[in-house]
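Data first, discussion second: the structure below is written as structure tokens.
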Amino acid sequence: MSQRGAPSPARRKTLRRVRVHPIDLDILVQATLAAWTDIFESSFGSKRFKIGKDFKPKPQIMGFLLHALIPLELESRCAGAYRCDAAGHDKDLVCIEDNQFSIEIKTSSHPTSVFGNRSYAQTPASGRRVKDRSGYLLAVNFEKFSDSAAPSIRKIRFGWVDGADWVGQVAQSGQQAHLTTEAEREKLIQLFPVREI
């Protein structure tokens, strides 16, 4: 934001892109919260063990479950318009009619940031078909069990990020990429808990 409170050019561009996306923003929030609730309402095995009651998975497992359930929720709510990914080069949620409206989903137990694997910050090998790193991004931050006995969704954001917004770890052994500070601030609109638009 500028000193006078007017949105920056990058923020205005993000707002335009978010507003033209065919999925209603409320549906993105509802599907995310429903997926989180389903994790705790599900039971496992013949003894019907429940997450949060009988066992408390590490953040990586919670993130995996949330990442798997959100596209299924959205596919169900947007029947015929969207489908879950079917190939490695697909976004997590594919818009059937127009791929530019497909959505990548990132979840994290970090309070404010989301991460991609190191490949998000690398130039793909020539001729290799890979997932486009630019496009719509649904970013979800959640609490860990160590932070709360009954963890919840901290934040849901949505926007458009470019491939160049992902920065890899400096160490060659680093396996993670993160968004630039500017991309986090200017290119993601908060939808929950307090909606910015």
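The values are calculated or read from the model by the stated rules, or taken from the named source; none is laboratory data. Only a predicted model underlies this, so the values are computations on that prediction, with no experimental measurement involved. Here Cβ is always computed from backbone atoms with ideal geometry, including for glycine, and neighbour counts include all displayed protein chains.
Consider region 104-118 and keep the residues that are touching a residue at least 60 places away in the same chain (Cβ under 8 Å) and of a type outside the set (S, T, N, Q). The one that is surrounded by the fewest Cβ atoms within 10 Å (Cβ to Cβ) is Phe115. In this entry, Ile103 is excluded by the filter for residues that are touching a strand residue (DSSP E or B) at 6+ places or on another chain (Cβ under 9 Å), over 25 Å from Thr180 (Cβ atoms), among the aliphatic types (A, V, I, L, M) and modelled with pLDDT of 95 or more. Is it the case that some residue within region 72-84 is touching a Pro at 6+ places or on another chain (Cβ under 6 Å) and surrounded by 13 or more Cβ atoms within 10 Å (Cβ to Cβ)? So far as region 72-84 goes, yes, one or more of its residues are touching a Pro at 6+ places or on another chain (Cβ under 6 Å) and surrounded by 13 or more Cβ atoms within 10 Å (Cβ to Cβ).
Evaluating His21 against the criteria (1) within 18 Å of the chain's Cα centre (by Cα); (2) over 16 Å from Glu104 (Cα atoms) leaves one unmet condition, (2).
Across region 39-90, the number of residues qualifying as without any contact (Cβ under 8 Å) to a residue 12 or more places away in the chain and part of a strand (DSSP E or B) comes to 5.
Just so you know, in region 34-71 the residues that are surrounded by 13 or more Cβ atoms within 10 Å (Cβ to Cβ) and among the charged types (D, E, K, R) include one that is nearest to Ile156 (Cα to Cα), and it is Asp38.
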